[in-house]
C-alpha cells in the first residue's frame, strides 16, 4: 500500500512539476570583482571602510546583473506559461465530471463518486517563448481530481457538484536531493440543470444547465543552496588589497493559479439501456490569474582579506575582518485567462447495476486545446 501511495504521489507531482521545473536550468554567472578605489586613504582603517563599501556595491551589481539575466531568459517564458498552461488548467477544471445521462429522476435519487481529468497546453507556443535549450517540450499536461455528487430534485431539475478542497499534498521526502517542493490543488464546479427533454429508454434527452466553477493550485520549488568556486582578489601596488570571495545563491520558483468561472451548457444524450452516448457544448466567462514568480537570494563572504598601506613596504599588511553582503532578486509575471471559453464535449457512460462509469473528451475550440476525463460513481 505504501508503494502504491508513493507511486501516486510521484505521478501527481510530476504532472504539476513538469513545466515549472524547467527553471532548474538557470545558469547564473557572477560578474568579476571590481578594482577598489583607495584614493585618499592614509591608513588601514580607511581602506577597510572602502573595501566594505566596494564589497557591498559589488554584490548589488551582481544581483542586478542576475536579475537582468533572469528577466531576459525567463520573462517571456513565464508569461507564455501562464497563458497556455493556464488555459489547460481552466479546461481541466471543466472536465472532471464525465456524465452522460443528466436526468437522474426525482429526489432522493443520488450520484456519488470520483473523477479525474487532464488537459494539454499549447506546447508549440510555449516552445517558441522558451529560452534556448529549454524548447524541447513534447507534452505539458494539467491534471485534476474531483469528488462528484448529484441529486435529482424533480423530474425536470438536477443539481450536481464536483469539488476537491484546496489542500496541501505531502511530497515524498526522498523526491530529490536538488530541491524541495510544495503543492496544493483545489477545484469546484456546481451545475443546475433543467431537462427540456426528460429522455428515457431508447429516447433522447436534452438538458440546459448553468454553472459556476473554481480551479486553483500552487506549486513551489526551492533549490538547495549552490556555491561558486572561490574568487581570489589581489590588487597589487600601494595600497594593496587581497582576499577570497565566496559567492553562494539559492533560488525558489512559484506557480500559483486561481480561476473563477460562470457559464452555461447544453447536453444531448441517448439512453441505450447499459450505454449512454452523449454530446454537448459549453460557453463561459473566466476571471482570475496565473502568476509565475522567481526569487533569488545571494550572499557573498569575503575571508582572509588584508590591506597594506605601503604595498609591501616596511609596514606589514593588516588583516580585515570577514565581510558578508546579501541581496535578493525577484520577478513575477501575472497573466489573466481568456475571458471567453467555448467548449464541445462528447463521451460515453456505462451502467452496471448501481455502478456508473464515464469517459469524456473535451475540446476548447477557443484555444484548440484537448482534455480527457474519467469517472466512476454509485448512482441510485
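Residue by residue through region 331-340, note down the ones that are in a strand (DSSP E or B) and either under 30 Å from residue 365 (Cα atoms) or modelled with pLDDT of 80 or more (or both).
332, 333, 334, 335, 340
Any residue at all in region 354-363 that's surrounded by fewer than 20 Cβ atoms within 10 Å (Cβ to Cβ), under 29 Å from the mean Cα position of the chain (by Cα), closer than 30 Å to residue 294 by Cα and touching a residue at least 12 places away in the same chain (Cβ under 8 Å)?
There is no residue in region 354-363 that is surrounded by fewer than 20 Cβ atoms within 10 Å (Cβ to Cβ), under 29 Å from the mean Cα position of the chain (by Cα), closer than 30 Å to residue 294 by Cα and touching a residue at least 12 places away in the same chain (Cβ under 8 Å).
Condition (residue is more than 18 Å from residue 341 (Cβ to Cβ), touching a helix residue (DSSP H, G or I) at 6+ places or on another chain (Cβ under 7 Å) and part of a strand (DSSP E or B)) applied to region 261-282: is it met by at least one residue?
No: region 261-282 contains no residue that is more than 18 Å from residue 341 (Cβ to Cβ), touching a helix residue (DSSP H, G or I) at 6+ places or on another chain (Cβ under 7 Å) and part of a strand (DSSP E or B).
In this structure, is residue 231 modelled with pLDDT under 85, over 26 Å from the mean Cα position of the chain (by Cα) and at negative phi?
The answer is yes for residue 231.
Kindly indicate the residue of region 127-162 that is over 20 Å from residue 355 (Cα atoms) and assigned to a strand (DSSP E or B) and also modelled with the highest pLDDT among those meeting that condition.
It comes out as 157.
Looking for whichever is surrounded by fewer than 23 Cβ atoms within 10 Å (Cβ to Cβ) and in contact with a helix residue (DSSP H, G or I) (Cβ under 6 Å, 6 or more places away or on another chain) here; the options are 65, 37, 129. Which one fits?
Working: 65 fails: in contact with a helix residue (DSSP H, G or I) (Cβ under 6 Å, 6 or more places away or on another chain); 37 fails: in contact with a helix residue (DSSP H, G or I) (Cβ under 6 Å, 6 or more places away or on another chain).
Only one candidate qualifies: 129.
The values are calculated or read from the model by the stated rules, or taken from the named source; none is laboratory data. Keep in mind that what you see is a predicted model, and the values were worked out from it rather than measured. All Cβ positions, glycine included, derive from the backbone under ideal geometry; neighbour counts span all protein chains shown.
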